[in-house]
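The values are calculated or read from the model by the stated rules, or taken from the named source; none is laboratory data. This one's a predicted model, so the numbers in the text were calculated from it and none came from an experiment. Heads up, the Cβs are rebuilt from the backbone with ideal geometry, glycines too, and the neighbour counts pull from every protein chain shown.
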Amino acid sequence: MSKLTDLTLAAARDGLRARDFSANEITKAHIDAIDKGNEALNAYILPVPDMALRMAESADKNIAGGDAGPLAGVPLGIKDLFCTKDVRTTACSHILDGFIPTYESTITQNLWDAGAVMLGKLNCDEFAMGSSNETSTYGPVINPWRREGSSTPLVPGGSSGGSAAAVAAKLCLGATATDTGGSIRQPAALTGTVGIKPTYGRCSRWGIVAFASSLDQAGPLTRCVRDAAIMLGVMAGHDPKDSTSVDLPVPDYEAALGGGVKGLKVGIPKEYRMEGMPEEIEKLWQQGIEWLKGAGAQIMDVSLPYTRYALPAYYIVAPAEASSNLARYDGVRYGLRVPGDDIIEQYENTRSEGFGAEVQRRVLIGTYVLSAGYYDAYYLKAQKVRTLIKQDFEQVFEDVDVLLTPTTPGPAFAIGEKSDNPIEMYLNDIFTVTANMSGLPGISVPAGLSREGTPLGLQFIGKAFDEETLFRAGQVLEDAAGELPSPADWWSVA
Amino acid sequence: MKIDDATVRHIARLARIRVDDAQAKTLQSELTAILQWVEQLNEVDTRRVEPMSCVIDTPLTMREDEVTDGGTPQDILKNATERAGRFSSCPRWWNRLV
């Protein structure tokens, strides 16, 4: 039998139910993989092996008693943005050093109720602000993938870089993640994993550290489309504690997988063909179109004229909301406190030492665009442009069922390569941010390798609350692309 | 919009973030670059467009106005930076504010 860490989440679930192996065995296999590999990757910032083994023991009892939940005994990693009861949660920020929640986020509670096992907390960009996982107070995550013939450390993408790297390196079967401008889909593309950001309102945000509340949405990162369908099915659902979570039944996503794309109308938005787009991205996109055509989909050229304004509008809306959300970190009630000569100085000292450079930049931009005299020119303007972006999609979705686009403008880049220029870093999210601005679901599926030998992804964007079509189309793409090679294991020590 | 030194310091004060001279200088050019980049939105005609703050069309749900949580001071104080009895506390400065 192959190693237990090599299994997909679906295969592990089935094997656990069939008692081919125990939750204890598969959990131990993952703890061992983390022991050996995490130092090099820095994906986990807090492994919790004792807790994992206790949860596995309880899963094994439930399986033996015929009372196994849908994820009984399945070991998962949790992004450090999710509050976990009695387990340190910091959003990878110095300002939340040592914060131990006394409550559990709704999404993680849903996972534990389904029998899943927590392996630990995963690294991410500070307050999920970043596209490379380089802004974490715990240091960068290293992508398990390397360029062919090179040992230059690459970024795993961000902000859910720890989640993506842990899934790609088989340090968990799946991981939770969050996506405000692309933070699930961009790292998925850069690590050869599957990531779905569901429709805004599909998952509860309760207990997730807030970045930009009108954009934030949680979702899974997994090694195949089926695993993402299984995990999202457990994570999603209405929650009375989050008034923006929608009271709609959660469909059986796994059942949707075999649906195929015969007759499905797939839109190709011409505005995503950006000037200066690398040829390999263009080729990958064309390949995706051919695969879908071959599977019986109907390809249609469409136009979303306001696409190019989504990213600049996002960089007004998201920092504005962040500056407001992060006002709570004041060094008074909890978290870091750096003393000062008066209360204002204590606030200023605390926030200046507690927040990293990128978070400070965004808080300052947000403060500026919300300040007297600039509110209408920036914030209100961006909110109006957001309306136009949403209307673009509404019109296009009268004619097509789903859109196909590249996920990112390029493959994984080297640590430090883009960290000196904020705008260049922001451009990573150029194809993903539109789905956040309009609240629509988007999935990234690995579709091939770059000429450097690193993964590339394609994205489907769907109608609101139509994640099923994304899974159907994603499965067809995954089948057509065939299995990508796994990254060679350079990170494990003997 | 070009951000000058006084504006950086004004925003930093509003945001309650201390910036030293070197940071203020870096921020001046970084914030200017970001704001000039977002100003491409001025190309868009938004005269008859309503602003959108939430993508969900449905109105907020209401519930019975009753207590559903609380009575857990120990939980709330567990992460207090500093505490005094049943309260979280911070240094006293009231005499300096007047």
Open item on the list: Between A:120, A:98, which is buried (at least 24 other Cβ atoms within 10 Å of the Cβ), small (Gly, Ala, Ser) and out of contact with any Ser or Thr (no Cβ under 7 Å at 6 or more places or on another chain)?
Closed with: A:120
- [ ] Kindly indicate whether any position in the range A:322-340 is under 27 Å from the mean Cα position of the chain (by Cα), among the aliphatic types (A, V, I, L, M), buried (at least 18 other Cβ atoms within 10 Å of the Cβ) and not in a loop (DSSP other than H, G, I, E, B).
- [x] yes
Open item on the list: Please count how many residues of the range B:70-89 are more than 7 Å from chain A (Cβ to nearest Cβ) and assigned to a helix (DSSP H, G or I).
Closed with: 4
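For the range A:170-179, does any single residue satisfy the condition of being among the small types (Gly, Ala, Ser) and in a loop (DSSP other than H, G, I, E, B)? Steps first, please.
Of all residues in the range A:170-179, those among the small types (Gly, Ala, Ser) come to A:174-175, A:177.
Filter once more, so that each one left must be in a loop (DSSP other than H, G, I, E, B): none.
No, the range A:170-179 contains no residue that is among the small types (Gly, Ala, Ser) and in a loop (DSSP other than H, G, I, E, B).
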Open item on the list: If the requirement is being at pLDDT 95 or above and surrounded by fewer than 24 Cβ atoms within 10 Å (Cβ to Cβ), which of these qualifies: A:484, A:440, A:388, A:456?
Closed with: A:388
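Is it true that some residue in the range A:127-135 is without any contact (Cβ under 8 Å) to a residue 60 or more places away in the chain and crowded, with 24+ Cβ neighbours inside 10 Å?
Within the range A:127-135, the subset without any contact (Cβ under 8 Å) to a residue 60 or more places away in the chain is A:133.
Subset that is crowded, with 24+ Cβ neighbours inside 10 Å: A:133.
Scanning the range A:127-135 turns up at least one residue that is without any contact (Cβ under 8 Å) to a residue 60 or more places away in the chain and crowded, with 24+ Cβ neighbours inside 10 Å.
What residue, among those in the range B:58-69 that are exposed (fewer than 10 other Cβ atoms within 10 Å of the Cβ) and β-branched (Val, Ile, Thr), is farthest from the other protein chains (Cβ to nearest Cβ)?
Restricting attention to the range B:58-69, the residues satisfying the condition of being exposed (fewer than 10 other Cβ atoms within 10 Å of the Cβ) are B:59-60, B:62-69.
Those left that are additionally β-branched (Val, Ile, Thr): B:67-68.
Values: B:67: 14, B:68: 8 Å.
Going through the qualifying residues, I end up with B:67.
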Open item on the list: Against the condition surrounded by fewer than 21 Cβ atoms within 10 Å (Cβ to Cβ) and in contact with a strand residue (DSSP E or B) (Cβ under 7 Å, 6 or more places away or on another chain), how does residue A:243 come out, does it pass?
Closed with: no
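Criterion first (part of a helix (DSSP H, G or I), more than 7 Å from every other protein chain (Cβ to nearest Cβ), surrounded by fewer than 20 Cβ atoms within 10 Å (Cβ to Cβ) and not β-branched (Val, Ile, Thr)) does residue A:362 satisfy it?
Numbers: part of a helix (DSSP H, G or I): yes; more than 7 Å from every other protein chain (Cβ to nearest Cβ): yes; surrounded by fewer than 20 Cβ atoms within 10 Å (Cβ to Cβ): no; not β-branched (Val, Ile, Thr): yes.
Spelling it out, it is not the case that residue A:362 is part of a helix (DSSP H, G or I), more than 7 Å from every other protein chain (Cβ to nearest Cβ), surrounded by fewer than 20 Cβ atoms within 10 Å (Cβ to Cβ) and not β-branched (Val, Ile, Thr).
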TODO: Please enumerate the residues belonging to the range A:293-318 that are more than 19 Å from residue A:393 (Cβ to Cβ), within 14 Å of chain B (Cβ to nearest Cβ) and over 24 Å from the mean Cα position of the chain (by Cα).
DONE: none
Open item on the list: For the range A:227-240: of the residues being at negative phi and assigned to a loop (DSSP other than H, G, I, E, B), which is surrounded by the fewest Cβ atoms within 10 Å (Cβ to Cβ)?
Closed with: A:240
- [ ] Please go through the range A:398-429 and pick out each residue that is within 14 Å of chain B (Cβ to nearest Cβ) and either farther than 19 Å from residue A:181 by Cβ or modelled with pLDDT of 95 or more (or both).
- [x] A:420
Open item on the list: If a residue must be more than 30 Å from residue A:343 (Cα to Cα) and facing chain A (nearest Cβ under 7 Å), how many such residues does the range B:16-57 contain?
Closed with: 16
Open item on the list: Among the listed residues A:321, A:353, A:290, A:345, identify the single one that is of a type outside the set (S, T, N, Q) and away from every other protein chain (no Cβ under 14 Å).
Closed with: A:290
